[in-house]
Amino acid sequence: MAGRCSVAGSALTLTNEQAANAATIAAVARSRGLPARATVIALATAQQESRLRNLDYGDRDSLGLFQQRPSQGWGTEAQVQDPVYATGKFLDGLVEVPGWETGDLTLVADAVQRSAFPLAYRQWTEMAETLAGALQSEAPAALSCTFSPPDAAGPVDDRAAAVAEAVRGEAGPPTVAAGGVITVADAAWPEVTWAVAHAQRLQLSQVRFADWTWTPDIGWQQNTGQDAGALVLQLST
């Protein structure tokens, strides 16, 4: 089954790669305490520049989610292809744009990007608002992803350490337990949604939070009476 992600109550669908990159953008903006509009502008920009894919090519030396150019001072080739770094650099520029919180999205985005097509960002406004709303929502199961899990690659303890590092950077301090189970004690639904968006990349077989359980073949199910006070991630074994 080809992987897809969908937003509850919307016709919007994405690939798992797109959803993971979008979730990272939202997580970086959230970690900086920026308002929701920052995520909306960043998502619309990345959708226009790369279709929310972390590209290793582009016009001239443009690379990554935001098609940032190392020759123009955005960072090294490796840095601009790191979604966390690339998002941070975009947000650094965004908050320096006068009136960015209320200004026209396409003009604000272009003030950061200096695109050859400065009006192109506007077409993604509705999509970005819908996606940002799901990624930042405190409502259960706002985003769901499904895919056919491949065979787990590598020892579970090694993979757990890599997942814990990713969680630490974008979703909060984790605790790694035996058997490839990772918990995040102080999580809320945005962190849960981040985990589901990254589930294919992180080789997760289950995500639990409150009385909800996500699996890659079914998506979200509500389990009355389940008491998962923390975000619980189960790695494929």
Exercise for the section: Rounded, prolate or oblate: pick one for the range 67-140, where a ≥ b ≥ c are the square roots of the eigenvalues of its C-alpha gyration tensor, a/c under 1.5 means rounded, and failing that, prolate if a/b is larger than b/c, else oblate. Expected result: oblate
Exercise for the section: Report, in degrees rounded to the nearest 10, the 0 to 90 angle that the Cα long axis of helix 83-94 makes with the longest principal axis of the chain. Expected result: 40 degrees
Exercise for the section: For n ≥ 4 DSSP H runs only, could you compute -39500 (n - 2.57) per run for the chain, divide by its residues and tell me the 222 nm figure to the nearest 500? Expected result: -12000 deg cm²/dmol
Exercise for the section: Pull out a ≥ b ≥ c, the square roots of the eigenvalues of the alpha-carbon gyration tensor of the range 70-110, then state rounded if a/c is under 1.5, prolate if not and a/b is larger than b/c, and oblate in the remaining case. Expected result: prolate
Completion exercise
Arg69 neighbourhood, Cβ < 13 Å, K/R = +1, D/E = -1, net charge -1
Fill in the blank from the handout: Two pseudo-spin positions, 7 Å from Cα along C-beta at Thr175 and at Asp56, lie apart in nanometres by 3.9 nm
Handout entry: the chain: angle of helix 156-170 to the longest principal axis, Cα-based, in degrees nearest 10
Key = 40 degrees
Handout entry: Cα shape, the chain, gyration tensor, a/c 1.5 rule
Key = prolate
Practice task
Roll a 1.4 Å probe over the protein heavy atoms and report the accessible area of Glu101 in Å², nearest 10.
Solution key: 100 Å²
Fill in the blank from the handout: Inter-part gap, Cα centre of the range 125-173 to Cα centre of the range 1-56, in whole angstrom, is 11 Å
Fill in the blank from the handout: On the formula 1/(1 + (r/R0)^6), with r taken between the Cβ atoms of Leu107 and Ala162 and R0 of 41 Å, the FRET efficiency rounded to 0.05 is 0.55
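The values are calculated or read from the model by the stated rules, or taken from the named source; none is laboratory data. Treat the numbers as computed from the prediction; the structure is a model and nothing was measured. With ideal geometry, Cβ positions are generated from the backbone for all residues, glycine too; neighbour counts draw on all protein chains shown. Note: accessible area is taken over every heavy atom of the protein model, side chains too, but ligands, DNA and RNA are not part of it. Shrake-Rupley method; radii C 1.70, N 1.55, O 1.52, S 1.80 Å.
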